[in-house]
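Read the figures in this text as sums done on the coordinates, not as results from a lab. Remember, it's a predicted structure, so these values are computed and weren't measured experimentally.
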């Protein structure tokens, strides 16, 4: 067990953030960064990413990954594959409509992510993002975007759902 230095809550071994207050459990001076090749990134992504709702991976199957959502606060990578459209948001008890990609494990509620915040989709050779009328808005590269208007994304763009920062990593089409 890891004891949170902020609230003294007991967390599971290996936790990076306190499940009670969200505080970092690992000192930032212990973290090391390194350059990795795209092949290494895809392998680490496949091994570390939780499955996205509706996507089933089988051993040896090649996914049609056209993009990745890189959660900047945690470093988590969420691949976009097998489908051309994904809704983003958070699951809420008693909510009948669920997003395709649940951002709840990444402090979505605390960061102001709506239940159905936005949609990212591939249309021919373009990648599009649209805010679905979220409560706390969406920002594309620091500029607030109006709801229900499609915006073309480029590799490396940063989308903020409320305060949750996500970098868009696109595969060449």
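Brief remarks on what is shown
- Cα extents of region 99-170 along the three principal axes, largest first (Å): 34, 22, 22
- Length gained when the stretch residue 163-residue 12 is fully extended (0.36 nm per residue, less Cα-Cα span): 51.7 nm
- Difference of contour (0.36 nm per residue) and Cα-Cα distance, residue 128 to residue 73: 17.5 nm
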